[in-house]
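Trainee: Let me give you the structure first, and then I'll get to my questions.
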Amino acid sequence: MEVPKDQIATLLENGLYNSAQMLGCFLVSSPAANAESAPHLKTESLVLLGDSFFREREYRRAIHTYKQALQYYKMIPKQSMTSRGSLSSNRSSSPNSCNGSVINENEVKFKIASSHCFLNENKAALVEMEGIPNKARNLAMNLLLGKLYRVSRHSRAAVAIYKDCIRHCPYILEAITALAELGSTAKDIISLFPQTPNRSARAPFDHTDASRWLQRYVEAQCCMASNDYKGGLELFADLLQRFPNNTHLLLEMAKVESIIGKNEEAIMNFEKARSIDPYIITYMDEYAMLLKLKCDYPKLNKLVHDLLNIDPARPEVFVALSVLWERKDEKKSLQYAEQSIRIDERHIPGYIMKGNLLLTMKRAEAAVSAFRSAQELRPDIRSYQGLVHTYLALSKIKEALYASREAMKAMPQSAKALKLVGDVHASNSGGREKAKKFYESALRLEPGYLGAALALAELHVIEGRNGDAVSLLERYLKDWADDSLHVKLAQVFAATNMLQEALSHYQAALRLNTQNEAAKRGLERLEKQMKGVDPDAPEEDEDNDVEDADGDQDETELL
């Protein structure tokens, strides 16, 4: 040939993709690669050109070129395909694998499907993958097919594919996590681990000492999938002792801690992971949310700057941008959250962020949709909290009560789920006694849960038990130096006209957190009170009593 194929393969192997593209144009237009006289050469040349596009992330051009190659592949006489096909039946998907032989049609289809995935065209990708026979699929193909079935909500098919992956290689952690999230038990997953020697004559999978860590990892992921956060954290911590400074474990722990409200521990683990590997992007949007909660805007600014320099195309980066812009420009913040979802339609923090923004912007109906989308992907306490608070904003008390009970049944050991039910009951005057019981139950389950303590204190204030509120908050203040506790105490003192005490606690809150907006607003209100001006008129609660005898019985059993 005028342009030897092996030269393009060499360029691809050495990462010179742009050069491979230019040379590929000469190759496919060469008279020697005539479609009628040498369809096999035309086919192989087009696959090499497609590989160069694929490696340069020009996925549309790659798809177009690969499909042309498959068209010419059909023109190759069967005798020629038989003589050449034996050479390519077991080849890898490396760019130069078609050198000297007819292409592997299944590998080309896999590359087409992968290109569609990168373009978020999952339906088209699934069509290509389903065209590859079961026996011809390798591990990478099965993993992609499992992901596509899951995205398409074909859960049974996804489970079957992921199980097949584990049977061939138990160390595919992505498949383990996916199976756990799709409802498989730890026992079911561990039973898939191979029991007999494989083709490479390696020993059977060792279920004892050396591989015990993998079984613990399976158990941890199953705990997380079933919302047993405490059990999952304990297992991850146990694994971390065996594998110290493991960034994957640190990130998994930090993510769970951020979900359940252990913010300081989560921040510490995120920062430890970043100190080991400063170029991590995974879960960094969760870290950004924590920094905003802490009002640590200098660190948040630096984090977003770092992420943009690492990879500005990742969904985590756009969620972090959304977090950064929330207090400056809510519309722009919402655009960033929506962009994260366009990049990855399964990115849960994007939906959580979008839902919270829509709720703040008083677009509650749209917020419900965002929180529902997060819940369909993977229900956790944050999506339940979003739904309950949004339904309350819409005065849809029955829907809020149903969502909160759903959370309580899904997470019976979660103090946050108990508080959610209390929040719904507290929203109407007839349910306050029930709310009190749920808040107290949450505090018995998790004594350090400040959210429940603050809610109970607020309930005491509403019912005129200011002394009880002060006693409760001061008891917590002995163990937790938290600005939100000081703000609530200041509010109680201000309501009882103990203005000097209120001033002291607002100042204490601002010393702990100079960016605390509630403390700043409280000080402004306090100034008005000190001048004898009523800062605002009290709002009347709507009477939204909900009669639900069956639900009451369920709640009593769960309590």
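The values are calculated or read from the model by the stated rules, or taken from the named source; none is laboratory data. Keep in mind that this is a model prediction, so the values were computed, not measured. FYI the Cβ positions are ideal-geometry reconstructions off the backbone, even for glycines, and counts take in every protein chain you see. Protein only, heavy atoms only, side chains kept; ligands, DNA and RNA dropped before computing areas. Shrake-Rupley method; radii C 1.70, N 1.55, O 1.52, S 1.80 Å.
Trainee: Apply 1/(1 + (r/R0)^6) to the Cβ-Cβ distance of GLU440 and GLU130, taking R0 = 60 Å, and write down the FRET efficiency to the nearest 0.05.
Mentor: 0.65
Trainee: Counting only Cα, what are the radius of gyration and maximum Cα-Cα distance Dmax of the chain, in Å?
Mentor: 29.3, 99
Trainee: Hey, another quick one. Note down the relative contact order for segment 203-320 as a percent, whole number, built from C-alpha pairs under 8 angstrom at least six residues apart.
Mentor: 16
Trainee: Can I ask one more? Pull out the extension gain between LEU394 and HIS168, defined as 0.36 nm times the separation in residues minus the alpha carbon to alpha carbon distance; nm, one decimal.
Mentor: 76.3 nm
Trainee: Relative to the compact-globule scaling 2.2 N^0.38 Å, provide the ratio for the alpha-carbon radius of gyration of segment 379-440.
Mentor: For segment 379-440, the normalised Cα radius of gyration is 0.98.
Trainee: Rounded to the nearest 0.05, what FRET efficiency is calculated for LYS332 and ALA481 with R0 set to 25 Å and r the Cβ-Cβ distance?
Mentor: The calculated FRET efficiency here is 0.15.
Trainee: Where in segment 454-488 is the amide nitrogen less than 16 Å from a point lying 7 Å along the Cα-to-Cβ axis of MET498?
Mentor: Residues passing the 16 Å test: 457-458, 460-462, 464-478, 485-488.
Trainee: How high is the relative contact order of segment 379-440, given as a whole-number percent (alpha carbon pairs under 8 Å, six or more residues apart)?
Mentor: It comes to 27 percent, rounded to a whole number.
Trainee: Expected output is a single nm value to one decimal: the length gained when fully extending between ARG242 and GLU365, i.e. 0.36 nm times separation in residues minus the C-alpha distance. What is it?
Mentor: 39.6 nm
Trainee: As a test of reading the structure, rank CYS117, CYS165 by solvent-accessible area (1.4 Å probe, protein chains only), most first.
Mentor: The ranking, largest first, comes out as CYS117, CYS165.
Trainee: Packing-wise, with mean Cβ within 10 Å as the measure, how do 470-478, 139-147, 125-133 rank, highest first?
Mentor: Those peptides, ordered most packed to least, come out 139-147, 125-133, 470-478.
Trainee: Please give the direction-averaged projected area of the C-alpha convex hull for segment 227-276, in square nanometres with one decimal.
Mentor: Its Cα hull, projected and averaged over all orientations, spans 3.0 nm².
Trainee: Then there is this: Once fully extended, how much extra length lies between THR185 and ASP277, figured as 0.36 nm per residue of separation less the alpha-carbon to alpha-carbon distance?
Mentor: 29.9 nm
Trainee: Could you look at segment 281-360 and say what percent of its accessible area is carbon and sulfur, using a 1.4 Å probe and all protein chains?
Mentor: Here carbon and sulfur together make up 51 percent of the probe-accessible area.
Trainee: Right, something else. Separation between the GLU121 and GLN413 pseudo-spin-labels, each 7 Å from Cα along Cα→Cβ, expressed in nm?
Mentor: About 4.7 nm separates the two model spin labels.
Trainee: Relative contact order, percent, of segment 105-174 when contacts are C-alpha pairs under 8 Å separated by at least 6 residues?
Mentor: The value is 25 percent.
Trainee: Along each principal axis of its Cα atoms, how long is segment 416-458 end to end? Whole angstroms, biggest number first, please.
Mentor: Over segment 416-458, Cα extents along the principal axes are 27, 16, 13 Å.
Trainee: How big is D, in µm² s⁻¹, for segment 274-360 by Stokes-Einstein at 25 °C and 0.890 mPa s if Rh is the Kirkwood radius over C-alpha pairs?
Mentor: Taking Rh from Cα pairs, D becomes 195 µm²/s.
Trainee: Probe radius 1.4 Å, ligands and nucleic acids left out: which of TRP480, TRP325 has the largest accessible area, and how do the rest follow?
Mentor: Per-residue accessible area, sorted high to low, gives TRP480, TRP325.
Trainee: Turning to a different aspect of this structure: How big is the dipole moment of the chain about its Cα centre under a simple scheme where the beta carbon of each Lys and Arg is +1, that of each Asp and Glu is -1, and everything else is neutral? Debye, nearest 20, please.
Mentor: 2140
Trainee: Under 30 Å Cα to Cα from LYS332, which lysines show up? Leave out anything in the same chain fewer than 8 places away.
Mentor: Once the sequence-local lysines are set aside, what remains near LYS332 is LYS255, LYS262, LYS292, LYS294, LYS299, LYS302, LYS354, LYS362, LYS396, LYS520.
Trainee: Hey, how much of the P(r) for segment 447-535 falls beyond 23 Å, as a percent of Cα pairs?
Mentor: Everything past 23 Å amounts to 17 percent.
Trainee: Further question: With a Förster radius of 51 Å, plug the Cβ-Cβ distance of ALA140 and LEU523 into 1/(1 + (r/R0)^6) and report the FRET value to the nearest 0.05.
Mentor: Result of the calculation: an efficiency of 0.30.
Trainee: How far apart, in nanometres, would the label points at ARG511 and GLU345 be if each is projected 7 angstrom from Cα along the Cα-to-Cβ direction?
Mentor: Taking the two extended label points, one gets 5.4 nm.
Trainee: Still on this structure, please answer the following. Sorting GLU174, GLU326 by accessible area (1.4 Å probe), largest first, what list results?
Mentor: From most exposed to least exposed: GLU174, GLU326.
Trainee: Okay, next question. So for the pair ASP468, MET530, with labels modelled 7 Å out along Cα→Cβ, what separation do we get in nm?
Mentor: So the two model labels end up 3.2 nm from each other.
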